[in-house]
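Notes follow the structure.
What follows draws every value from the coordinates through simple rules; no lab data is involved. This is a predicted model, so every value here is computed, not measured. Backbone-built Cβ (ideal geometry, glycine too); neighbour counts: all protein chains shown.
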Number of protein chains: 2
Amino acid sequence: MSTRWLTDEERVAWVRLAAVVELLPGVLDAQLRRDSRLSHFEYFVLAMLSEAPERTLRMTALAARTNATLPRLSHVVSRLEDRGLVARSPCPEDGRATNARLTAGGWATVVDAAPGHVATVRSQVLDALDDAQVRQLAQIAESILGRIDPDGVVMAPQRDAGAPTG
Amino acid sequence: MSTRWLTDEERVAWVRLAAVVELLPGVLDAQLRRDSRLSHFEYFVLAMLSEAPERTLRMTALAARTNATLPRLSHVVSRLEDRGLVARSPCPEDGRATNARLTAGGWATVVDAAPGHVATVRSQVLDALDDAQVRQLAQIAESILGRIDPDGVVMAPQRDAGAPTG
DNA sequence: CCCCATTGGTTGAAGCTTCAAGCGAACCCT
DNA sequence: AGGGTTCGCTTGAAGCTTCAACCAATGGGG
């Protein structure tokens with residue numbers, strides 16, 4: 001089958017999107033590490049817990065929300081546990097499962113980190129766009145997610161109030 | 001200073017963009033690993049070399065184009081060298097510098113990998129958008145890059161023909 | 001019940017990235 | 001020349017992710 005190459009317009013759009021995808025994680029990570037001693041992934045884990053009922057989630061559910069493999073999450077939660085930000089306990093309803101719960105210290109850490117993170121998202125992304133572009137971006141990203149995440153695994157239901165996810 | 005939180009529209013746009021940024025690298029990586037035994041980063045290194053004059057670039061220039069740190073690039077090039085895809089040689093003009101050159105085998109590898117990669121980009125991203133959205137995306141991504149990459153380090157000049165970068 | 005497959009999670013090793021040092025070449029100033 | 005600084009790159013160790021193996025608990029037939 002012969003390859004259908006990209007048109008000029010497609011190529012420009014793709015090269016730029018690829019650059020954003022390549023650079024943005026580093027920007028977010030750097031700010032959080034600098035200001036809060038947290039990797040972006042660690043922050044995200046804490047943020048997801050902060051939004052969950054009881055600030056508690058089963059490992060599997062937390063892995064789905066953070067798009068992590070179970071081994072990766074297990075290691076990270078172990079380190080967060082060592083730092084006193086998260087506590088593990090066996091799940092009462094299912095003996096196989098483990099619940100991860102945000103501790104008071106973990107909550108304080110997220111609350112402390114959130115404003116700086118949101119400020120970064122604002123200054124590095126949203127403030128670069130006008131209102132129309134923000135709406136366009138929402139549409140475009142939704143379309144792409146329809147392809148790369150058809151089951152909406154990462155866009156899982158977010159109930160309850162809590163610290164902003166960023 | 002009090003935090004300016006996100007409006008509903010901003011939050012939707014950001015959550016979706018964040019999801020794309022989180023998922024897209026894995027999608028690209030998985031296809032290349034599966035079909036070409038190459039990580040996305042390795043592919044990108046080979047692609048950048050394939051587009052350079054003489055298919056050769058100094059390590060520093062290659063690091064800039066791939067947004068890699070020098071240590072990271074050095075390790076990766078060592079492994080690509082072990083696989084016979086890239087060759088290192090001292091730079092004649094500057095005794096401190098090292099040139100990385102794509103070998104015949106490396107060229108063949110990129111040429112072989114490119115169609116599948118482009119097909120993935122198409123099916124997972126571009127085909128999800130209409131023409132207007134492609135143009136909007138180019139604009140939006142450019143605006144964001146203006147913040148996160150003001151000096152255009154990653155968008156370095158691309159001269160010469162070669163295998164598509166993806 | 002008992003067997004067996006599946007689910008939920010942890011663990012340790014291997015691989016890649018990051019970080020801190022280090023080294024030689026080039027540049028600059030006198 | 002000659003001494004100090006910067007540049008370009010490599011190296012080895014440490015840290016995080018991935019992978020394969022493993023274990024315990026659950027659930028579904030005979």
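Structure summary
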read-out: Residue among B:Arg55, B:Arg101, B:Arg16 with the largest mean-square fluctuation in a Gaussian network model of chain B, springs linking Cα atoms under 10 Å; value: B:Arg16
read-out: Across the identical copies, how the B:Gly95 labels are spaced - nm, sorted shortest first, 7 Å along Cα→Cβ; value: 7.3
read-out: Inter-copy spacing of A:Pro71 label points, which lie 7 Å from Cα along Cα→Cβ, given in nm from shortest upward; value: 2.4
read-out: Chain A: most fluctuating residue of A:Val121, A:Val15, A:Val27 per GNM, C-alpha cutoff 10 Å; value: A:Val15
read-out: Simple Cβ-charge dipole of the protein assembly as shown, Lys/Arg +1 and Asp/Glu -1, about Cα centre, in debye nearest 20; value: 960 debye
read-out: Separation of the A:Ser123 and B:Arg135 label points, Cα + 7 Å toward Cβ, nm; value: 3.4 nm
read-out: Test item: A:46-53 mean partner chain Cβ contacts at 10 Å; value: 0
read-out: Only Lys, Arg (+1) and Asp, Glu (-1) charged, at Cβ; the range A:41-143 dipole about Cα centre in debye; value: 380 debye
read-out: Estimated FRET transfer efficiency (A:Val111, A:Thr60; beta-carbon r; R0 22 Å; 0.05); value: 0.25
read-out: Local electrostatic count, B:Ser39, Cβ distance below 14 Å [Lys/Arg +1, Asp/Glu -1]; value: +2
read-out: Whole-number percent relative contact order across chain A, with pairs defined as alpha carbons under 8 Å at least 6 apart; value: 28 percent
read-out: For A:Ala97, distant residues with modelled amide H under 5 Å away; value: A:Cys91
read-out: Note, ³J(HN,Hα) from phi for the range A:112-123, Karplus 6.51, -1.76, 1.60, rounded to Hz, x at Gly and Pro; value: 6, 7, 4, x, x, 5, 4, 4, 5, 4, 5, 6
read-out: Solvent-free Debye scattering, log10 I(q)/I(0), computed from the Cα coordinates of the range A:20-148 at q = 0.10, 0.17 Å⁻¹; value: -0.38, -0.97
read-out: Charge dipole of chain B about the Cα centre (unit charges at C-beta), most positive-ward option of B:Leu24, B:Gln124, B:Ala141; value: B:Leu24
read-out: Whole-Hz ³J(HN,Hα) from phi, Karplus 6.51 cos²θ - 1.76 cosθ + 1.60, for the range B:82-88, glycine and proline x; value: 4, 8, x, 8, 9, 10, 9
read-out: 5 angstrom amide H check on B:Arg58, placed H, neighbours 5+ away; value: B:Ala100
read-out: Rounded to whole Å, sorted largest first: equivalent-ellipsoid semi-axes of the protein assembly as shown, Cα gyration tensor; value: 37, 23, 20
read-out: Within a Gaussian network of chain A (alpha carbon springs, distance under 10 Å), most fluctuating of A:Val77, A:Val12, A:Val134; value: A:Val12
